[in-house]
Amino acid sequence: MVVESGQLPPAYANDRSRRLLLKRLRGIVRVILIHAGLVPAACIFMLPFLWMLSTSLKPDVQFYSYPPVLIPSPLQWSNFPDAVTYITFFLYMRNTLTIAVLATIGVLISSSLVAYSIARIPWAGRNILFILTIATLMLPFQVTMIPLFIVFKNLGWVNSWMPLIVPHWFGGALYIFLLRQFFMTIPMELSEAARIDGASELKIYYSILLPLSKPALATVAIFEFIARWRDYIGPLIYLSKQELYTLSLGIYEYQSQYGAEWGLLMAASVMITLPIILLFFFLQKTFVQGIALTGIKG
């Protein structure tokens, strides 16, 4: 039997359709199973925030009730404006935002410059320096806390924002690693062509590399901003003037000698946590893309 060109036998076409259908069904089942595991895990991770939100809306009489009240009745919306006026909330927010923004800018500039020099410029000893930089990640903060405090005390920086900002203008090992991995995925031919045209290394850095590295830079910015926004140990060590407090220190003012103002404390905690959630929600695509691309090339 002669089969015309471009046509398939009916039996082969049916078998191919069944295989495609089975493959599609396996994909659907796989997605369902993955989501069946991820949705309960996401709910578990959301429980602390939901409990904090619930507590922020409770009247005082429901804080210690048993069984616990999950949905407050009535909703105490006044806890949020009271939380703002109970302490100098907006002053602490301004302080936190100033420290977070300046530290993030410093990390982006310094870490990207170091990562560029290690990944794109051939010079003797760069791999050794990179290994030493990565090795500093194994040093816990508790080990360097006292020596750093002595250094900053001798510099006269204690009781100021300098120890919380200036060190981040000298790079971070984790961010150098992430940016170095990303820079290595960019073809070297782009830099070589620019050098032939007479471009300097700084010109190549900010005209070619940085525009192509927006996902990685956004990832570093998110990491650093969140770390500085919720930092508690650093301000606790170096700040003692109340007008310099950050939000992490300021929320402890809700605990007085007459007892903790749990409703106000939880309301303030919700307002502190919400910007981080919104930041990740709107930038999650860029964040995931930056993380995924930094490990492509070793």
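The values are calculated or read from the model by the stated rules, or taken from the named source; none is laboratory data. No experiment lies behind these values; they were computed from the predicted model shown. Cβ placement follows ideal geometry from the backbone for every residue including glycine, while neighbour counts extend to all protein chains displayed. Just the protein is used for accessible areas: all its heavy atoms, side chains included, with ligands, DNA and RNA removed. Shrake-Rupley method; radii C 1.70, N 1.55, O 1.52, S 1.80 Å.
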Q: Looking only at region 34-56, count how many residues are among the aliphatic types (A, V, I, L, M), open to solvent by less than 100 Å² (accessible area, probe 1.4 Å) and farther than 30 Å from PRO74 by Cβ.
A: 4
Q) Out of TYR258, TYR252, TYR245, which single residue is modelled with pLDDT of 90 or more, open to solvent by 40 Å² or more (accessible area, probe 1.4 Å) and either assigned by TED's automatic domain parsing to the domain that holds THR104 or among the hydroxyl-bearing types (Ser, Thr, Tyr) (or both)? A) TYR245
Q.
Whether any residue in region 15-30 is modelled with pLDDT of 80 or more, among the aliphatic types (A, V, I, L, M), within 30 Å of the chain's Cα centre (by Cα) and outside the structural domain of ILE277 (by TED's automatic domain parsing) is what I want to check.
A. no
Q: Only residues that are more than 21 Å from LEU209 (Cα to Cα) and outside any helix (DSSP H, G or I): list them for region 107-162, please.
A: ALA124, GLY125, LEU139, PRO140, GLY156, TRP157, VAL158, ASN159, SER160, TRP161
Q: Inspect region 163-174 for any residue being in a loop (DSSP other than H, G, I, E, B), open to solvent by 30 Å² or more (accessible area, probe 1.4 Å) and hydrophobic (A, V, I, L, M, F, W, C) and give the result as yes or no.
A: no
Q) In region 142-155, is there at least one residue being surrounded by 14 or more Cβ atoms within 10 Å (Cβ to Cβ) and over 27 Å from GLU243 (Cα atoms)? A) no
Q: Would you point out which residue out of LEU91, LEU97 is under 21 Å from ILE272 (Cα atoms), open to solvent by 70 Å² or more (accessible area, probe 1.4 Å), modelled with pLDDT of 90 or more and assigned to a helix (DSSP H, G or I)?
A: LEU97
Q: Would you confirm whether any residue within region 213-231 is over 30 Å from ALA83 (Cα atoms), open to solvent by 40 Å² or more (accessible area, probe 1.4 Å) and assigned to a helix (DSSP H, G or I)?
A: yes
Q) What are the pairs, 6+ residues apart or on separate chains, where a residue within region 123-141 that is under 30 Å from ILE233 (Cβ atoms) has its Cβ under 8 Å from a residue that is of a type in the set (Lys, Arg) and surrounded by 10 or more Cβ atoms within 10 Å (Cβ to Cβ)? A) PHE130/ARG180
Q) Just a yes or no: is a residue in region 196-205 open to solvent by 60 Å² or more (accessible area, probe 1.4 Å), out of contact with any Cys (no Cβ under 7 Å at 6 or more places or on another chain), closer than 30 Å to VAL84 by Cβ and free of Cβ contacts under 8 Å to residues at least 40 places away in the same chain? A) no
Q | Number of positions in region 178-195 that are buried (at least 18 other Cβ atoms within 10 Å of the Cβ) and polar (S, T, N, Q) | A | 2
Q | Hits in region 135-177 (condition: closer than 13 Å to TYR116 by Cα and either charged (D, E, K, R) or at pLDDT below 90 (or both)) | A | GLY171
